[in-house]
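In what follows, a single structure is set out as structure tokens and then discussed.
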Amino acid sequence: MEYQSNYQPTYQAPPPPPKGKGLSIASMVLGILGVIPWGGVACAIVGLILGIVAKKQLQEQGAPYGMATAGIICSIVGLALSILIVSCTLCTLCSVANQIPWELTY
């Protein structure tokens, strides 16, 4: 007996990634870059906003939102450290500036 099969395997495309996944990664990267003095404050604020938006999108889809939470935490820590670094730098510069004799005597 000879069996012939007309079976052809069907291939399906993998499901698309959740909508907020890219925003979560961007939030985490910007949060880490938030430690950089001066420009870090802006990076951390944008990272925080992206993390919050990503978390809301992922929660609506029922997808895991751990990376969005990590992005929010990294952004908050980056913002705090950046503000601390800038504040310490400004205080140091003001202290040094007070030590300089500004009057020139000839």
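Each value in this text was obtained by applying a stated rule to the coordinates, not by laboratory testing. Keep in mind it's a predicted model, so treat the numbers as computed, not measured. Here the Cβ positions follow ideal geometry from the backbone for every residue, glycine too, while neighbour counts run over all protein chains shown.
Descriptive notes on the structure:
- Selected residue (only one of 52, 36 is over 9 Å from the mean Cα position of the chain (by Cα) and not in a helix (DSSP H, G or I)): 36
Here is a yes/no grid of residues against (1) free of Cβ contacts under 8 Å to residues at least 12 places away in the same chain; (2) surrounded by fewer than 16 Cβ atoms within 10 Å (Cβ to Cβ); (3) aromatic (Phe, Trp, Tyr); (4) out of contact with any Phe, Trp or Tyr (no Cβ under 8 Å at 6 or more places or on another chain):
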position: 26; (1), (2), (3), (4): no, no, no, yes
position: 54; (1), (2), (3), (4): no, no, no, no
position: 59; (1), (2), (3), (4): yes, yes, no, no
position: 62; (1), (2), (3), (4): yes, yes, no, yes
position: 83; (1), (2), (3), (4): no, yes, no, yes
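- Taking segment 46-67 as the range and being under 20 Å from residue 15 (Cα atoms), among the hydrophobic types (A, V, I, L, M, F, W, C) and touching a Ser or Thr at 6+ places or on another chain (Cβ under 8 Å) as the test, the residues that pass are 54, 58, 67.
- Breaking point among (1) touching a Pro at 6+ places or on another chain (Cβ under 8 Å); (2) in a helix (DSSP H, G or I), for residue 63: (2)
- Meets criteria (surrounded by fewer than 16 Cβ atoms within 10 Å (Cβ to Cβ) and in contact (Cβ under 8 Å) with a residue 12 or more places away in the chain) for residue 21: no
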